[in-house]
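**Student:** One structure coming up, written as structure tokens, with questions to follow.
The values are calculated or read from the model by the stated rules, or taken from the named source; none is laboratory data. Bear in mind that the values here come from a model prediction, so they are computed numbers and not experimental data. FYI the Cβ positions are ideal-geometry reconstructions off the backbone, even for glycines, and counts take in every protein chain you see. SASA here: full protein model, heavy atoms, side chains in, ligands and nucleic acids out. Shrake-Rupley method; radii C 1.70, N 1.55, O 1.52, S 1.80 Å.
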Amino acid sequence: MSTLFLILFVFSHSLCVLQTQGLNSADEVNDSLTYLWPLPSEFTFGNKTLSVHPQLSLVVGGNGGNSSILRLGFDRYKAIIFKNSHGVSSFDRIRGRRLSYDVTKLKVVVHSDSEDLQLGVDESYTLFVLKKDGQSIVGEATIEANTVYGALRALETFSQLCTFDYGSKSVQVYRAPWYIRDSPRFAYRGLLLDTSRHYLPVDVIKQVIESMSYAKLNVLHWHVIDRESFPLEVPSYPKLWKGSYTKWERYTVEDAIEIVSFAKTRGISVMAEVDVPGHAESWGAGYPNLWPSTSCKEPLDVSKSSTFDVVSGILTDMRKIFPFELFHLGGDEVNTTCWSSTRHVKQWLEQHNMTTKDAYQYFVLKAQEIAISKNWTPVNWEETFNTFPTKLNPKTVVHNWLGPGVCPKAVAKGFRCIFSNQGVWYLDHLDVPWEDTYNAEPLEGINDVSQQKLVLGGEVCMWGETADTSDVQQTIWPRAAAAAERLWSRREATSARNGNLTALPRLQYFRCLLNRRGVQAAPVTNLIARSPPIWSGSCYDQ
């Protein structure tokens, strides 16, 4: 595969056009830019236009060619590509006109038949799109990938190459032939979705997952419960979801399994979070003994072994739902003041010669032990690392959020890290412009190559205090896409000095692509994210 690509890449290199300019106007797309998002690792293109048959067929090969995930993905993307195309027009059919097409089939070769989806799964692929003329080594459109998940990423890229031409009423691929070899820069490219502050229906969560696949994000961090509500069914402790807002704002076990399955068919893992010992007031609605007292409803009662029985029960039930190797245990914003003012907890602390800080550490480490016993790798918010770095389990993944500089410290001590600096990647911060999100660099301050490898990637966070079904998608997009390209594409390709010329027109184009696919992505250049357009105008100039 690599030898073939090298031959094609060198042969066609002279066809490649330098990307140096931006949009000149709202009604003219600058052809010097490559409107693929995120930008592939390596690619060349030409100057020909190819037509794509509306009955495009799938031809498969390799050990994984018969994957149901692949076939579902092809059908899904075929529907997207030909959304505006209705086959041969009635006018041409009446005249008996027979049309010929340059691309009539898509060949997909998947080498592995494994559909296991875990952190670091191979998402690389090659994609060739050219006219079959008897002289080419490969014909028409060909995808080659080691796994079905690499093939899904290639299908997304292929769909973005296909454009509906309103003049001919056909789907065309411009600037062919295309030769693309692509793979992600980071293994972890996440989006946090908060369903505790506002309940999101299952269909809305699926819509978010679908839109994530368009930007090649691959981890949904499901912040399913928090102090405000506990909407998830836990069979071992059935009263826990009494902490939901209402009996209609809940997720059954079957709902959660369906979400995980839906995500997998898009190449997206679901990492659940149970935030302990803070952010847990809602637990006590069903089991009041989890509260230290009625005036101290969080952190959870550290003095009772039954508290950890509940934690273990929750994780046991959730392990049957969430196969992903990472599990988030929170550990942030823990105010332990009321532990020391609650009589029986204070007595327990004295008996164990602990301060409240010691008890916080004890709780976090105990929760980690439970998660690890269930074959999970624990992820914790950075406060745990900031407070007791030498005590954390070595398997811990440190999740940065408070600001810059944490990942360099974490990887220097041998921990893995996820970058989510709230100043640039918290989507509920509506005053953060797209360029700040785009220019944020997960490896900033990390120069040692071995330490750079410990940064798993990053995650944009959609906290739900001011987002519900009515506005969650326009809050997520398009800024999440800015982070998505940072996490997928090569660093040198996303570090141009003038992003307004090189990245902005492409992001505007991708935002319009999202809109065409039914995603309510807000204008890119608004001063306040998710706000509507300020006046009439083209989607491509907002």
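**Student:** What's the extension gain from residue 319 to residue 517 if we count 0.36 nm per residue and subtract their Cα-Cα distance?
**Tutor:** Once the chain is fully extended between residue 319 and residue 517, it gains 67.9 nm.
**Student:** Mind putting together the pair-distance distribution for region 402-542? All Cα pairs, 5 Å bins, whole percent per bin, short to long.
**Tutor:** Going from the shortest bin to the longest, the percentages are 2, 10, 19, 21, 19, 13, 9, 5, 2, 1, 0.
**Student:** Same structure, new question: Assuming R0 = 60 Å, what is the FRET efficiency of residue 306 and residue 68, from their Cβ-Cβ distance, to the nearest 0.05?
**Tutor:** According to the calculation, E is roughly 0.85.
**Student:** Let me ask something else. What's the ranking of 259-269, 234-244 by average number of surrounding C-beta atoms within 10 Å, highest first?
**Tutor:** Going from most to least packed, we get 259-269, 234-244.
**Student:** Go ahead and run the numbers for FRET between residue 538 and residue 253, Cβ-Cβ distance against an R0 of 45 Å, rounding to 0.05.
**Tutor:** Approximately 0.45, to the nearest 0.05.
**Student:** Is the chain rounded, prolate or oblate when judged by the Cα gyration tensor, a ≥ b ≥ c being the square roots of its eigenvalues, rounded requiring a/c under 1.5 and prolate requiring a/b larger than b/c?
**Tutor:** prolate
**Student:** Can you list the residues, at least 5 places off or on another chain, whose amide H is less than 5 Å from the amide H of residue 119, using H built in the peptide plane?
**Tutor:** Here the answer is 325, since their amide H atoms fall under 5 Å of that of residue 119.
**Student:** Still on this structure, I have one more. In degrees, nearest 10, range 0 to 90: what is the angle between the Cα axis of helix 356-373 and the longest Cα principal axis of the chain?
**Tutor:** On a 0 to 90 degree scale, this one is about 50.
**Student:** Relative to the first principal axis of the alpha-carbon coordinates of the chain, what is the inclination of helix 253-264, with its axis defined by its Cα atoms, in degrees from 0 to 90 and to the nearest 10?
**Tutor:** 40
**Student:** Another one. With viscosity set to 0.890 mPa s at 25 °C, what whole-number translational diffusion coefficient in µm²/s follows for region 391-459 from Stokes-Einstein and a Kirkwood radius over Cα pairs?
**Tutor:** Rounded, D is 199 µm²/s.
**Student:** Please give the contour-minus-distance gain from residue 31 to residue 429: 0.36 nm per residue of separation, less the Cα-Cα distance, rounded to one decimal in nm.
**Tutor:** Gain in length upon complete extension: 139.9 nm.
**Student:** Would you mind classifying region 144-215 by shape? Square roots of the alpha carbon gyration tensor eigenvalues, ordered a ≥ b ≥ c; an a/c under 1.5 is rounded, otherwise it is prolate if a/b is larger than b/c and oblate if not.
**Tutor:** oblate
**Student:** Applying a 10 Å radius around every beta-carbon, put 143-150, 333-340 in order of their mean neighbour count, most first.
**Tutor:** 143-150, 333-340
**Student:** Choose one of 57, 224, 503: the residue whose Cα lies farthest towards the positive end of the charge dipole of the chain (beta-carbon charges +1 Lys, Arg; -1 Asp, Glu; about the Cα centre).
**Tutor:** Looking along the dipole axis, the top candidate is 57.
**Student:** On a straight-distance basis, which lysines could pair with residue 320 in a cross-link, Cα separation under 17 angstrom, same-chain partners fewer than 8 positions away excluded?
**Tutor:** Counting by Cα, and skipping residues close in sequence, residue 320 has these lysines nearby: 264, 374.
**Student:** Just grab the label-to-label distance for residue 452 and residue 470, each label 7 Å out from Cα along the Cβ direction, in nm (one decimal).
**Tutor:** Calculated label separation equals 4.6 nm.
**Student:** To make sure I understand the rule: partners must be lysines, Cα under 23 Å from the Cα of residue 357, and not fewer than 8 residues away in the same chain. Which ones qualify?
**Tutor:** Qualifying lysines at Cα under 23 Å: 297, 304, 346, 366, 391, 395, 409, 413.
**Student:** Leaving out ligands, DNA and RNA, and with a 1.4 Å probe, what % of the accessible surface on region 262-384 is carbon or sulfur?
**Tutor:** Carbon and sulfur together cover 46 percent of it.
**Student:** Search the structure for amide H atoms under 5 Å from the amide H of residue 108, placed 1.01 Å from N in the peptide plane, and list their residues when 5 or more places away or on another chain.
**Tutor:** Counting only residues 5 or more places away or on other chains, the set is 59, 60, 61, 143.
**Student:** Are there trypsin sites (Lys or Arg not before Pro) in region 56-88 that DSSP marks as loop and that have at most 15 other Cβ atoms within 10 Å, and which are they?
**Tutor:** Within region 56-88, the qualifying trypsin sites (Lys or Arg not before Pro) (loop, at most 15 other Cβ atoms within 10 Å) are 83.
**Student:** Exactly which chymotrypsin sites (Phe, Trp or Tyr not before Pro) in region 436-542 are in a DSSP loop and have at most 14 other Cβ atoms within 10 Å?
**Tutor:** For chymotrypsin sites (Phe, Trp or Tyr not before Pro) across region 436-542 that sit outside H, G, I, E and B with at most 14 neighbouring Cβ atoms in 10 Å, the list reads 535.
**Student:** Using only Cα atoms, tell me the angle between helix 202-214 and the longest principal axis of the chain; keep it within 0 to 90° and round to the nearest 10.
**Tutor:** Long axis of 202-214 versus the principal axis of the chain: about 50 degrees.
**Student:** If you don't mind, another one. Can you run phi through the Karplus equation (6.51, -1.76, 1.60; θ = phi - 60°) for region 399-411 and list ³J(HN,Hα) in whole Hz, with x for Gly and Pro?
**Tutor:** Running phi through 6.51 cos²θ - 1.76 cosθ + 1.60 with θ = phi - 60° gives 9, 6, 8, 5, x, x, x, 7, 4, x, 5, 5, 5 Hz.
**Student:** Something else about it: Note down the nm distance, to one decimal, between modelled labels 7 Å out along Cα→Cβ at residue 436 and at residue 83.
**Tutor:** 3.1
**Student:** Along the positive direction of the dipole of the chain (beta-carbon charges: Lys, Arg +1; Asp, Glu -1; about the Cα centre), which of 469, 152, 356 reaches farthest?
**Tutor:** Going by the Cα projections, it comes out as 152.
**Student:** Kindly work out what percent of the DSSP beta bridges joining two residues of the chain are antiparallel, to the nearest 5.
**Tutor:** Roughly 35 percent of the beta bridges in the chain run antiparallel, per DSSP.
**Student:** Now for a separate question. In Å², what does the accessible area per residue of the chain work out to with a 1.4 Å probe?
**Tutor:** Per residue, the chain has an accessible area of 41 Å².
**Student:** Separate question: Mind checking the full-extension length gain between residue 165 and residue 48? Use 0.36 nm per residue of separation minus the Cα-Cα distance, one decimal, nm.
**Tutor:** 40.7 nm
**Student:** Explain nothing, just the number: relative contact order of the chain, from Cα pairs under 8 Å at least 6 residues apart, as a whole percent.
**Tutor:** Relative contact order, the chain: 14 percent.
**Student:** Further question: Treating the beta-carbon of each Lys and Arg as +1 and of each Asp and Glu as -1, no other charges, what is the dipole magnitude of the chain about its Cα centre, to the nearest 20 debye?
**Tutor:** Around 1260 debye, computed over the chain.
**Student:** So for the pair residue 352, residue 527, with labels modelled 7 Å out along Cα→Cβ, what separation do we get in nm?
**Tutor:** Those two pseudo-labels are separated by 5.2 nm.
**Student:** Can I ask one more? Expressed as a whole percentage, what fraction of the accessible surface of region 386-542 belongs to carbon and sulfur atoms when a 1.4 Å probe is rolled over the protein heavy atoms?
**Tutor:** Ligands and nucleic acids excluded, carbon and sulfur give 52 percent.
**Student:** Efficiency by 1/(1 + (r/R0)^6): what FRET value for residue 116 and residue 391, r their Cβ-Cβ distance, R0 = 41 Å, to the nearest 0.05?
**Tutor:** Once the sixth-power term is evaluated, E becomes 0.80.
**Student:** Less than 18 Å apart at the alpha-carbon level, and either on another chain or at least 8 residues along: which lysines does that give for residue 78?
**Tutor:** 105, 107, 169, 216
**Student:** While we're looking at this one, here's another question. Given the -39500 (n - 2.57) contribution per DSSP H run of 4+ residues, what per-residue ellipticity at 222 nm results for the chain, rounded to the nearest 500 deg cm²/dmol?
**Tutor:** Result for the chain, helices only: -9000 deg cm²/dmol.
**Student:** Assuming a ≥ b ≥ c are the square roots of the Cα gyration tensor eigenvalues, decide whether region 248-393 counts as rounded (a/c under 1.5), prolate (otherwise, with a/b larger than b/c) or oblate.
**Tutor:** Taking the square roots of the gyration eigenvalues as a ≥ b ≥ c, region 248-393 is prolate.
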